[in-house]
Amino acid sequence: MDLGHGKCWDTSKKDSWKTLLLLAYQSLGVVYGDLSTSPLYVYKSTFAEDIQHSDTNEEIFGVLSFVFWTLTLVPLFKYVFVVLRADDNGEGGTFALYSLICRHAKVSLLPNRQVADESLSTYKLENPPEKDSSRVKMYLEKHKALHTALLILVLLGTCMVIGDGLLTPAISVFTAVSGLELSMSSNHHQYAVVPITCFILVCLFTLQHYGTHRVGFLFAPVVLAWLLCISALGLYNIIHWNPHVYQALSPYYMFKFMKKTKKGGWMSLGGILLCITGSEAMFADLGHFSYTAIQIAFTFLVYPALILAYMGQAAYLSQHHDNTNHIGFYISVPGKLRIPVLIIAILASVVGSQAIISGTFSIINQSQSLGCFPRVKVVHTSDKIHGQIYIPEINWMLMILCIAVTIGFRDTKHMGNASGLAVMTVMLVTTCLTSLVIILCWHKPPILALSFLLFFGSIELLYFSASLTKFTEGAWLPILLALILMTIMFVWHYATIKKYEFDLHNKVSLEWLLALGPSLGIARVPGIGLVFTDLTSGIPANFSRFVTNLPAFHRVLVFVCVKSVPVPFVPPAERYLVGRVGPPGHRSYRCIVRYGYRDVHQDVDSFESELIARLADFINYDWHRSHGTNSFPEDDASQSNESSNEYSLAVIGTVAFSGIPAYEIEESVQLASISGGFSTVESVTDVIEMEPVGVVERRVRFAIDDESGSHSPADMHLQLQEELEDLLSAQQAGTAFILGHSHVKAKQGSSLLKRLALNFGYNFLRRNCRGPDVALKVPPVSLLEVGMVYVM
């Protein structure tokens, strides 16, 4: 499988049935592994304690009716026909919905937002905004408390996805291996199932650092074989044991079930809801495939296979009432086929577990990108397949907790209760966020969004309430995990925002930087100094502290801001936003590097070389622009900025899409053929400019003639070559990375909660998690850390 950048399907062939069927086949291994293994444990969890299988078959038929309508309403109607359409440039998941909402309403809590971000090609709006904003949008934007509440809702969904990544491998592998109990005595199987499950889990987590791309081609065949297996078994059991079991699909059997079982039936819904575990993966993994491919795979293969599997089990159980203590999947499998089915089931459970583990890594990486999770090491296991990542710290924590859950619970009942609560919480969060998307992004009437919220929300609340009743029987685990993770994520995000506000209020003016010189005892040393900051304008306080204690800074100075934008991907040609800090002779620049929440961050070597190349492109572009060698439709407005200390920023592309390079520097400069790399169409270039302080960006077009050099003043060429030679010599002298080493303290008079969060919580996380230098992979010999105390 080639899960390429963003959607891996070729848009020129999106209507090709051959391409769609291939993608639908590939999606089986990535999207449906968890959902397809749910027949292993649904009936076993449902009949664990709350209800009993009686001779009247009202219970088993009622459960089958609930399973059928739950699978029909939630995965099919809600996800396939509605939620999958709420994609963010082809990406799905909790953060995709949050990103969409933040772009259509000013509810984001992310710092350093810029007007220029809205010019990104991926920052597109679903529909043009209406002139008259909806009342819901105005109400959301007006009340800041709702911004925080929305973020907490997103973090809750994220925490439950992480909890599901812990519980799904445990319950899937455990129930698959538990098929051995029918082939072994009760004295032996209880000592075999748990160790074998733990062994498989250890192997699964140990092999994570190799990535799934080497064995990914096996995932789809395994899940396909499993779906065909359970379909065939279901058909066999229906025909052989009870051909009239289809009558139980009527909603009337749900009514009879609840009337007879009453409270016990309501509590048993905590087991029935497990039939839709893994449905969220259809939306979360949307970016790897197309909407149509996922729709085809579920509607025409996964959904019928699951219905046949559940009907087959119900048909078998309707004729067997003597094995009420062993209700489960394997009891309905003919004896001669149990071992082959057991092997396929274990393989399918491993594939499903692998998908949810990879999804956990992905959502933690997204949380980290948006400043909602402490920094962790992210390893990209494949150069060809986008999104294949591995996080060592999270992997080993998941493995230890997963084994602890398996050993601690030792039965499907408790694991199912825990997993069910996590699944329903994620679905409730998705329903709430999708309702906002319907109003804010699709501009539909609020009554439509309210209908969606009430209809699907009521179904999910029913199941959620049933799960909460199992609090003491396993459901406490996801609640505890969510409480711990939400505390960590919220404290980290809160401190990150407060640090940014502190930097914003304590930044130094540009006049201060320009005044530094030999008269004040300040020396300029050879090399390039990269000063990392979260600010997009002004001089950060950590640099002023650096110069105060060490009265020298580098000949070429670059203030670098690596920021996240609420889009899944930022095209490489739009990633760098470059401008000057001060006049050209000061050799100071600002570079804003923008990443989406699913982008792969560059390693330090490629980042350093590309940053310097973009600086060279900008220098060339800026000299041609400011000295009038180009034909600017809006050149007068551009040049008017040069009189002030606030200089415009330009988007400097990394690749030229077509045509000849925008311009080339003469070979005598020693920087051989440095291309501007803008998006060109026959030597016509697009550059997005924006004013750093609240000015709307404008798109200008200019053409660089091949013979423009002959019309340019000689001194302009000399100054241009001199600046580029300074950049080259500074690069050869070496690059220093200047980063802030922060310590946070709550100011006097702060509340106890704030002091605990900042003085203890955040500082503990900061000391025990990876620092910014490790995250950026900065070589220790090139690192300069500036100590800063943030009093907030």
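Most tightly packed first, judged by the mean number of other beta-carbon atoms within 10 Å of their residues, the peptides 497-505, 372-380 read 372-380, 497-505.
Label positions at residue 393 and residue 753, each projected 7 Å from the Cα along the C-beta direction, are separated by 2.6 nm.
Taking the mean number of other Cβ atoms within 10 Å as a proxy for protection, how do you rank 138-146, 564-572 from highest to lowest?
Numbers: 138-146: 12.1, 564-572: 22.2.
Answer by packing, highest mean first, reads 564-572, 138-146.
What FRET efficiency would be calculated for the residue pair residue 549, residue 732, taking the C-beta separation as r and a Förster radius of 35 Å, to the nearest 0.05?
0.80
Estimated at 0.36 nm per residue, the fully extended path between residue 16 and residue 247 surpasses their Cα-Cα distance by 79.3 nm.
Couplings 3J(HN,Hα) of segment 418-428, computed from phi: 5, 5, x, 5, 4, 5, 5, 5, 4, 5, 5 Hz, in residue order, whole Hz [Karplus 6.51 cos²θ - 1.76 cosθ + 1.60, θ = phi - 60°; x for Gly and Pro]. Across segment 145-155, rounded Karplus estimates of 3J(HN,Hα) from the backbone phi angles (6.51 cos²θ - 1.76 cosθ + 1.60, θ = phi - 60°) give 4, 5, 4, 5, 4, 5, 5, 4, 4, 5, 5 Hz, Gly and Pro being marked x. For segment 459-486, backbone nitrogen atoms closer than 13 Å to the point 7 Å from residue 411 Cα along Cα-to-C-beta are found at 473-474.
So between residue 217 and residue 404, what do we pick up on full extension, going 0.36 nm a residue minus the alpha carbon distance? Each step should come with its number before you reach the end.
Values: separation 187, 0.36 × 187 = 67.32 nm, distance 3.09 nm.
Full-extension gain reported as 64.2 nm.
Let me know the shape class of segment 168-302, please: from the alpha-carbon gyration tensor, a ≥ b ≥ c as square roots of the eigenvalues, rounded when a/c is under 1.5, otherwise prolate if a/b is greater than b/c, or oblate.
Details: a/c = 1.74, a/b = 1.21, b/c = 1.44.
Oblate is the answer for segment 168-302, as a/c is 1.5 or above yet b/c matches or exceeds a/b.
Other residues with beta-carbon under 15 Å from the beta-carbon of residue 233 carry, at +1 per Lys or Arg and -1 per Asp or Glu, a net charge of +2. In this structure, residue 255 and residue 182 have a Cβ-Cβ separation that, at R0 = 35 Å, corresponds to a calculated FRET efficiency of about 0.55. The orientation-averaged projected area of the convex hull spanned by the Cα atoms of segment 54-181 comes to 13.0 nm². Each Cα pair under 8 Å and six or more residues apart adds its sequence gap; the mean of these over the residue count of segment 396-465 is a relative contact order of 30 percent. Placing a label point 7 Å from the Cα of residue 54 along the Cα-to-Cβ direction, the residues of segment 232-259 with a backbone N closer than 16 Å are 253-259.
Summarising the amide proton neighbourhood of residue 746: residues at separation of 5 or more, or on other chains, whose placed amide H is nearer than 5 Å comprise 759, 792. Between residue 767 and residue 610, the distance separating the two model label sites (each 7 Å from Cα on the Cα→Cβ line) works out to 3.6 nm.
Per-residue Karplus couplings for segment 65-73, computed as 6.51 cos²θ - 1.76 cosθ + 1.60 with θ equal to phi - 60°, are listed in order as 5, 4, 4, 4, 6, 5, 5, 6, 7 Hz, Gly and Pro entered as x. Annotation: amide H-H contacts under 5 Å for residue 649 (H modelled 1.01 Å from N, sequence separation of 5 or more, or interchain): 690. Around the amide H of residue 556, modelled in the peptide plane, lie the amide H atoms of 527, 529, all under 5 Å away and 5 or more residues distant in sequence or on another chain.
Any chance you could run the full-extension gain for residue 455 through residue 232? It's 0.36 nm times the residue separation minus the Cα-Cα distance, nm to one decimal. Walk me through the intermediate numbers first.
On the way: separation 223, 0.36 × 223 = 80.28 nm, distance 3.41 nm.
Gain in length upon complete extension: 76.9 nm.
In this rough spin-label picture, where each label sits 7 Å from Cα along the Cβ direction, the residue 380-residue 322 distance is 6.2 nm. What shape does segment 227-281 take by its C-alpha gyration tensor, where a ≥ b ≥ c are the square roots of the eigenvalues and a/c under 1.5 counts as rounded, a/b above b/c as prolate, and the rest as oblate? Oblate. Near residue 570, once Lys and Arg are set to +1 and Asp and Glu to -1 for all other residues with Cβ below 12 Å from its Cβ, the sum equals +1. Ordering 578, 82 by accessible surface, largest first, gives 82, 578; the 1.4 Å probe counts only protein heavy atoms, with every chain in place.
With a Förster radius of 45 Å applied to the C-beta separation of residue 192 and residue 266, the computed FRET efficiency comes to 0.80.
The values are calculated or read from the model by the stated rules, or taken from the named source; none is laboratory data. None of these values were measured; they are calculated from a predicted model. FYI the Cβ positions are ideal-geometry reconstructions off the backbone, even for glycines, and counts take in every protein chain you see. SASA here: full protein model, heavy atoms, side chains in, ligands and nucleic acids out. Shrake-Rupley method; radii C 1.70, N 1.55, O 1.52, S 1.80 Å.
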